[in-house]
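Quick note: the coordinates plus some simple rules give every number you see, no bench work behind them. The model shown is predicted, which means the values in this text are computed figures rather than measured ones. Please note: Cβ atoms are built from the backbone with ideal geometry, for glycine as well, and neighbour counts cover all protein chains shown.
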Amino acid sequence: MWGTLVNALAVIVGGIVGMLLKKKMPQRIQIVYFQVIGLFTIGIGITMLVSMKHILLIVMSLVIGVLIGEWMHLEQKLEKWSESMKKRFQIGSEQFSEGFVTAFLLFCIGSMTILGSIQEGLTGSADLLFTKSLMDGFSAIILASAFGIGVIFSSIPLLIFQGGLTLLAMAASSFFTPELINGITN
């Protein structure tokens, strides 16, 4: 679970730094930053895809995950929870929900979240989540400078979601052969 804890902490620290830089972050830097992160993520994805032996399993898992998420209306529940947090902490900014949801989706909906959590749960290695933490920490700076404190609060569902995936992978590890674990995590 170290990868998830480090990731949540990186989002909190990045969010605080971003809030301190709120008025000093030019929009052109935000745009270029997300272009660079996008290219870096594509590069990592291609590298991982080339080395995978069970691509069909990953594709099926992602499709099943999307179907479950849509069936459970996870995005609507996330927005509702975001609004309740906004009211509970009496945060008057209209950007709270937008920052919260945008940050959560950026930090949690992607292959690095899923594969990193599975890798940590099955092998104990948090290397992919540590890389993701670095990316998310810097992204939190940019997002918090634009959207404010909602980005910091996104660390709570990140911790629950990513930690839950890691714990689920740990619990299911006895059902996987060493060859399948190696194929998924390498």
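Please state the shape class of region 1-44: rounded when a/c is under 1.5, otherwise prolate if a/b exceeds b/c and oblate if not, all from the C-alpha gyration tensor. Can you show the working numbers first?
Details: a/c = 5.89, a/b = 1.13, b/c = 5.21.
Taking the square roots of the gyration eigenvalues as a ≥ b ≥ c, region 1-44 is oblate.
What's the exposure ranking of Phe130, Phe175, going from fewest to most Cβ atoms within 10 Å? Can you show the working numbers first?
Numbers: Phe130 16, Phe175 7.
Going from least to most buried by this count: Phe175, Phe130.
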Problem - Tilt relative to the chain, helix 95-108 - C-alpha long axis, 0 to 90 degrees, to 10 - result: 20
Problem - Peptides 40-51, 158-169 ordered by average Cβ neighbours within 10 Å, highest first - result: 158-169, 40-51
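Looking at the chain, identify the longest residue range that excludes and avoids all trypsin sites (Lys or Arg not before Pro) in DSSP loops having at most 13 other Cβ atoms within 10 Å. Present the calculation step by step, with values, prior to reporting the outcome.
On the way: sites that count: Lys22, Lys23, Lys24, Lys53.
Result for the longest clean stretch: 54-186.
Tell me, what is the percent relative contact order of region 2-185, built from C-alpha pairs under 8 Å that lie six or more residues apart? Don't skip to the end; give the middle numbers.
Numbers: 211 pairs, mean separation 81.6, N = 184.
The value is 44 percent.
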Problem - Candidates Ala171, Ala140, Ala103, ranked by Gaussian network fluctuation over the chain, Cα under 10 Å, top entry - result: Ala171
